[in-house]
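Heads up, the thing below is written out as structure tokens.
The values are calculated or read from the model by the stated rules, or taken from the named source; none is laboratory data. All values derive from a computational prediction rather than experimental measurement. Heads up, the Cβs are rebuilt from the backbone with ideal geometry, glycines too, and the neighbour counts pull from every protein chain shown.
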Amino acid sequence: MSRFLPYPLLTVALALTWLLLNAPITPGSAALALLVGVSVPAVMRALQPRAVLVRAPGTLARLAVVVLYDMVRSNVDVARIILGLRRGERRTGFVTIPLDLREPFGITVLSIILTGTPGTLWVQYDSQTGCLLLHVLDYTGGDEWVRRVKDRYERPLMEVFA
Amino acid sequence: MSGAELPLWAAWLVVALAVVGAAFSLTGALGLIRLRTFYERVHAPTLGATLGMALILISSMLLLSLLEGRLVLRDALIGVFLTVSTPVTLLLLARAAAHRDRHEGTPEAPPEI
């Protein structure tokens, strides 16, 4: 298994991409998809990327729903700020979040989540101290943002990539 | 099915999704002008790269699926690649700005971590 398919997730992703690009599926395109899915990861082996281990698919699905909801909500929030529809004073600021998540794939997914929800900007991550510097458009003071990132995103990510 | 045979409800839905998506993208572009500091402005274009992009792609997939009479999911790949690559651009911009501001010692420079 590991000799023939060193990166099963990559194989599945490549084959699916190929099929989506060449829909509707014919026997010929299915065969080519299989060929691409098997041959490209074999080439990737020369680069020796770390294998991804995804556990707790249920947690991953729940996280996806949370992120989708947050993405829509923060888009509306930021649009209101830009269009000047929000009353009251607004402050922006930097938030430092000490992360317990050290798995590189987990950090990568966290950066995609935080970019995908407008209003949070990933400025810097220090792999030595595990500290993440965020810029937030709606700074509330205190550690509300720290708790939000840790509870909503970091904890499930630590369950998925461990 | 050709474009002229598209049922009215479907046409309305496709147009509504595309227009709302475009409106979010336009708001993001407007934010580049309206917001004041660099760090605030970087937030604005993500509207077009997230919800704006998603709504326009859903509209496009719906239209193509109805016209071709089968499920067309090709456009979802645009969403995947855009979502995966946007953080790289924003990260580079933010890091460059942070480095410049710390080096010049400007008041809005981010704190050291």
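List of remarks:
- Remark: A:ALA23 falls outside the filter, which requires a residue to be in a helix (DSSP H, G or I) and either loosely packed, with under 12 Cβ neighbours inside 10 Å or within 14 Å of another protein chain (Cβ to nearest Cβ) (or both).
- Residues that are at pLDDT below 90 and closer than 17 Å to A:TRP122 by Cα, drawn from segment B:77-109: B:GLU108, B:ALA109
- Residue within segment B:73-84 that is facing chain A (nearest Cβ under 9 Å) and among the hydroxyl-bearing types (Ser, Thr, Tyr) present: yes
Here is a yes/no grid of residues against (1) more than 8 Å from chain A (Cβ to nearest Cβ); (2) closer than 30 Å to A:GLN124 by Cβ; (3) surrounded by 14 or more Cβ atoms within 10 Å (Cβ to Cβ); (4) at pLDDT 90 or above:
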site: B:ARG41; (1), (2), (3), (4): yes, yes, yes, yes
site: B:LEU51; (1), (2), (3), (4): no, yes, yes, yes
site: B:LEU67; (1), (2), (3), (4): yes, no, yes, yes
site: B:PRO111; (1), (2), (3), (4): no, yes, no, no
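- All conditions but one from (1) more than 9 Å from chain B (Cβ to nearest Cβ); (2) out of contact with any helix residue (DSSP H, G or I) (no Cβ under 7 Å at 6 or more places or on another chain); (3) of a type in the set (Phe, Trp, Tyr) apply to A:PHE94; the one that does not is (1).
- Where helices (runs of 4 or more DSSP H) sit wholly within segment B:1-93, those with at least 1 residues that are among the small types (Gly, Ala, Ser) occupy B:8-34, B:53-68.
- Taking residues in segment B:1-15 that are hydrophobic (A, V, I, L, M, F, W, C), and partners anywhere that are part of a helix (DSSP H, G or I), the pairs with Cβ atoms closer than 7 Å and at least 6 places apart or on different chains are B:MET1/B:LEU66; B:MET1/B:LEU67; B:LEU6/B:LEU66; B:ALA10/B:LEU66; B:LEU13/B:LEU62; B:VAL14/B:SER59; B:VAL14/B:LEU62; B:VAL14/B:LEU63.
Each row is one residue, and each column tells you yes or no for (1) at pLDDT below 85; (2) away from every other protein chain (no Cβ under 14 Å); (3) in contact with a Gly (Cβ under 6 Å, 6 or more places away or on another chain); (4) farther than 30 Å from B:ARG102 by Cα.
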site: A:MET1; (1), (2), (3), (4): yes, yes, no, yes
site: A:LEU16; (1), (2), (3), (4): no, no, no, yes
site: A:VAL66; (1), (2), (3), (4): no, yes, no, yes
site: A:GLU103; (1), (2), (3), (4): no, yes, no, no
